[in-house]
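Comments concern the structure below.
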Amino acid sequence: MSPTSPRDGATRTLVMGVVNVTPDSFSDGGQWFAPDVAVAHGRHLMAQGADLVDVGGESTRPGAARVSLEEELERVLPVVRDLTAAGASVSVDTMRSQVAARALEAGARTVNDVSGGLADPEMAAVVAESGCRYVLSHWRGHSDVMTDLARYEDVVAQVRAELAARVEAVRAAGVGEHQLVLDPGLGFAKDGAHNWELLNRVDELMELGYPILIGASRKRFLGEMLQSAGAESLPAFRDRATAAVTALVAERGVWGVRVHDVIGSVDAVRVAQAWRQAGARLDSRADSAQKGSR
Ligand code: PMM
């Protein structure tokens with residue numbers, strides 16, 4: 001496999017649509033909090049072309065307090081169950097092994113853990129036991145302290161090394177290589193400059209040899225960029241910038257993007273795919289010309 005091709009047999013970058021079942025997400029402000037509304041939203045994202053839907057019951061915005069286990073289960077399980085029944089490939093966005101285990105029983109096929117297994121020492125065992133896909137993100141601490149942890153000499157080198165260490169830890173706990181997708185965790189103990197550098201140098205993360213997921217959607221650094229250009233910058237106005245990021249990282253060959261606005265990223269992935277195919281045709285033409293001249 002070339003390090004720049006998404007794994008999973010996919011010939012293009014996958015689009016993961018976000019279904020936040022929280023009253024306080026920074027990006028969609030509790031719009032989908034009632035389970036039936038969340039399910040309808042997930043179905044809508046599937047109809048728009050989402051390859052998988054990511055159901056989360058805990059807000060991770062900077063400064064957010066944690067929800068209880070019971071509350072998280074209550075928010076997430078009915079939505080996972082109903083979206084699975086509707087034919088979706090469901091991912092559960094959780095840092096808790098008990099939520100992951102129950103969501104897998106309810107039909108989820110992917111565990112998306114923004115803490116990379118650090119928040120709950122049992123997570124790796126649950127993932128290993130089930131054989132599910134595991135999105136392991138770079139993380140340094142919970143939302144209440146993460147801003148203070150955003151200190152790096154070389155953010156890409158350090159995120160890469162810290163991800164590699166987490167891979168080693170979960171592999172030692174029995175998680176298979178084929179289960180893993182890595183995520184630099186944009187905004188998690190990272191400021192805007194850190195996020196841009198991680199995006200610009202995403203190839204260096206891809207060199208780890210695992211599929212890469214990027215979650216830039218509606219994040220604060222996009223708002224800051226838009227604001228500095230004098231443009232509308234509130235979360236609801238960040239979808240076009242998100243789609244532009246999708247096009248750029250899809251062109252590099254990342255495995256997936258996690259986004260709120262699916263339709264824009266589906267088109268952005270199509271653009272990147274056409275772009276890459278044109279590049280491949282040029283390469284093969286250059287190869288044949290070289291062979292012909294020998
Ligand atoms: N970001 C958020 C939540 N879950 N999961 C992954 N894998 N990567 C991310 O970057 C990520 C995530 C926070 O954003 P939200 O509140 O808009 O969902």
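The values are calculated or read from the model by the stated rules, or taken from the named source; none is laboratory data. Note that the structure is predicted; figures quoted are calculated from it, not measured. Backbone-built Cβ (ideal geometry, glycine too); neighbour counts: all protein chains shown. Keep in mind that these areas ignore ligands, DNA and RNA; they rest on the heavy atoms of the full protein, side chains included. Shrake-Rupley method; radii C 1.70, N 1.55, O 1.52, S 1.80 Å.
Order Glu58, Glu251, Glu177, Glu72 by their accessible area, 1.4 angstrom probe, all chains in place, largest first.
Descending order: Glu177, Glu251, Glu58, Glu72.
With charges only on Cβ, +1 for K and R and -1 for D and E, what is the dipole size of segment 103-262 about its Cα centre, in debye, rounded to 20?
It works out to roughly 320 debye.
Over the Cα atoms of segment 98-239, each weighted equally, I'd like the Debye log10 I(q)/I(0) at q = 0.19 Å⁻¹, rounded to two decimals.
Debye output, listed in q order: -1.12.
Which value in nm describes the separation of the simple spin-label points at Trp275 and Gln48, placed 7 Å from the Cα toward the beta carbon?
That separation, rounded to one decimal, is 2.1 nm.
Would you please give the residues with an amide H less than 5 Å from that of Ile214, counting only those at least 5 places away or on a separate chain, with H modeled from the backbone geometry?
Residues meeting the criterion, in which the H sits 1.01 Å from N, are Gly256, Val257, Arg258.
Taking amide H atoms as placed 1.01 Å from N in the peptide plane, list the residues 5 or more away in sequence, or in a different chain, whose amide H sits under 5 Å from that of Val114.
Thr94
What whole-number distance in Å separates the alpha-carbon centres of segment 162-235 and segment 252-294?
21 Å
Counting only protein heavy atoms and a 1.4 Å probe, tell me what percentage of the chain's accessible area is made up of carbon and sulfur.
About 51 percent, which is the carbon plus sulfur part of the accessible surface.
I need the phi-derived Karplus couplings for segment 113-129: 6.51 cos²θ - 1.76 cosθ + 1.60, θ = phi - 60°, integer Hz, Gly and Pro marked x.
Karplus-based 3J(HN,Hα) across segment 113-129 equals 10, 5, 8, x, x, 7, 6, 9, x, 7, 4, 4, 5, 4, 5, 4, 4 Hz.
Is there a quick way to get the dipole size of the chain? I mean about its Cα centre, with the Cβ of Lys and Arg at +1 and of Asp and Glu at -1; what is the value in debye to the nearest 20?
Computed charge dipole of the chain: roughly 1040 debye.
With a sphere of radius 13 Å drawn around the Cβ of Ala229, what net charge do the other residues whose Cβ falls strictly inside it have (Lys, Arg +1; Asp, Glu -1)?
Within the 13 Å Cβ shell, the charges total 0.
How much space per residue, in cubic angstrom, does the convex hull of the C-alpha atoms of segment 19-152 take up?
Considering the Cα atoms of segment 19-152, their hull volume per residue is 108 Å³.
Please list Leu83, Leu69, Leu234 in order of solvent-accessible area, largest first, computed with a 1.4 Å probe with all protein chains present.
Ranked list, largest accessible area first: Leu234, Leu69, Leu83.
Any idea what the relative contact order of segment 199-245 is, in percent, if you count C-alpha pairs under 8 Å spaced at least 6 apart? Walk me through the numbers on the way to the answer.
Numbers: 29 pairs, mean separation 15.6, N = 47.
Result for segment 199-245 is 33 percent.
Work out Dmax and Rg for the chain from the C-alpha atoms and quote the Rg first, both in angstrom.
18.8, 69
When all alpha-carbon pairs of segment 226-294 are counted, what percent fall beyond 17 Å?
Beyond 17 Å sits 55 percent of the P(r) for segment 226-294.
Treat segment 124-201 as a sphere of radius equal to its Kirkwood radius over Cα pairs and apply Stokes-Einstein at 10 °C in a medium of 1.306 mPa s; give the translational diffusion coefficient in µm²/s, rounded to a whole number.
120 µm²/s
Once phi is turned into θ = phi - 60°, what whole-Hz ³J(HN,Hα) does the Karplus curve with 6.51, -1.76 and 1.60 give for every residue of segment 87-100, x standing for Gly and Pro?
Per-residue couplings from phi come out as x, 7, 8, 9, 10, 10, 8, 8, 9, 9, 5, 5, 5, 4 Hz.
If each DSSP helix of 4+ residues adds -39,500 (n - 2.57) and the sum is divided by the residues in the chain, what number results at 222 nm, nearest 500 deg cm²/dmol?
-14500 deg cm²/dmol
Normalising by the residue count of the chain, find the relative contact order in percent from Cα pairs under 8 Å and 6+ residues apart.
19 percent
Which whole-Hz couplings ³J(HN,Hα) result when phi for each residue of segment 281-288 is put into the Karplus expression 6.51 cos²θ - 1.76 cosθ + 1.60, θ = phi - 60°, listed in order with x for Gly and Pro?
5, 4, 4, 6, 5, 5, 4, 5
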